[in-house]
Amino acid sequence: MIEFIKKVPLFAQLSELQLQAIAQICSRKPFKSSTLLFSEKELGSDFYMVSSGSVKIYTTSGNGEEKILSIFKPGESFGELSLIDGKPRSASAKTLEDSTLVMISGTAFLELLRNHFDITLGIMQELSHRLRDTNQHVHDLTFLDARTRVIKSLIKLANKQGVRNGNTITIKLMLNFDEISQMAGVQKATLMQVIRDLEEKQILAISPSEFKLDLAKLR
């Protein structure tokens, strides 16, 4: 457990003694693909770290339309906001594939923050980073055209999930086209039009399980 925890950015700077203290309050649990971990507006009860697989964070409109806010991969953490401010979850979380998560109960997590300033500072830095991401997303929706938003979303997925080989980045296709369009903030028809254009220019190649992005041709 300690070897995994020290790879989580929030805990990377901690001493062996501190890591041992965290390991004692962690539990590891497997989840099937498409498992709902928590729902928007419910009270938070756990802090999560992704050991394997991936998790999407999303909101749902009144008519049932989803908007993906973020995707978390191994080594990343989520779920702390509701525990810190005591308010209901601001979004829902669901596994995108079979995943294993390491969890800390809300009570133990808050006790951890009270006793370890290094962890509290790491949480503050992570929340600041996510706020900057949100501000950038609002800017993109306001000022960028649909095509640019699609391309930027694909690049974001490539940076976060992709494996680079020269100028080509291969990304495991965990999201369907509906979810990618939600992430980019465009209609699915617009997404498909942009994807077809990128395929024709050989910038993008899509298979059932992955897509490849040619950075040289993208430039």
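Annotations
- For first residues located in the stretch 93-115 and within 20 Å of Leu19 (Cβ to Cβ) and at pLDDT below 95, partners that are among the charged types (D, E, K, R) and assigned to a strand (DSSP E or B) and lie 6+ apart or on another chain with Cβ distances below 9 Å form the pairs Phe109/Asp46.
Quick grid of which residues meet (1) within 19 Å of Leu69 (Cα to Cα); (2) surrounded by 13 or more Cβ atoms within 10 Å (Cβ to Cβ); (3) within 17 Å of the chain's Cα centre (by Cα):
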{"position": "Ser128", "(1), (2), (3)": "yes, no, yes"}
{"position": "Met174", "(1), (2), (3)": "yes, yes, yes"}
{"position": "Ile180", "(1), (2), (3)": "yes, yes, yes"}
{"position": "Met192", "(1), (2), (3)": "no, yes, no"}
{"position": "Glu200", "(1), (2), (3)": "no, no, no"}
{"position": "Ala205", "(1), (2), (3)": "no, yes, no"}
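- Of the strands (runs of 3 or more DSSP E) lying entirely inside the stretch 1-97, the ones with 1 or more residues being farther than 24 Å from Ala158 by Cα and not β-branched (Val, Ile, Thr) are found at 27-31, 36-38, 46-52.
- Residues satisfying the stated conditions in the stretch 207-219, i.e. open to solvent by 70 Å² or more (accessible area, probe 1.4 Å) and more than 24 Å from the chain's Cα centre (by Cα): Lys217, Arg219
- Members of the stretch 98-119 that are part of a helix (DSSP H, G or I) and surrounded by 15 or more Cβ atoms within 10 Å (Cβ to Cβ): Gly106, Ala108, Phe109, Leu110, Leu112, Leu113, Ile119
- Whichever residue in the stretch 139-164 is open to solvent by 80 Å² or more (accessible area, probe 1.4 Å) and more than 18 Å from Ile203 (Cβ to Cβ) and, among such residues, is nearest to the chain's Cα centre (by Cα): His139
- Matching option when the condition is in contact (Cβ under 8 Å) with a residue 12 or more places away in the chain and part of a helix (DSSP H, G or I), among Leu175, Leu198: Leu198
The values are calculated or read from the model by the stated rules, or taken from the named source; none is laboratory data. This one's a predicted model, so the numbers in the text were calculated from it and none came from an experiment. So basically every Cβ, Gly included, is an ideal-geometry build from the backbone, and we count neighbours across all protein chains shown. Heads up: the accessible areas ignore ligands, DNA and RNA and are worked out on the full protein's heavy atoms, side chains in. Shrake-Rupley method; radii C 1.70, N 1.55, O 1.52, S 1.80 Å.
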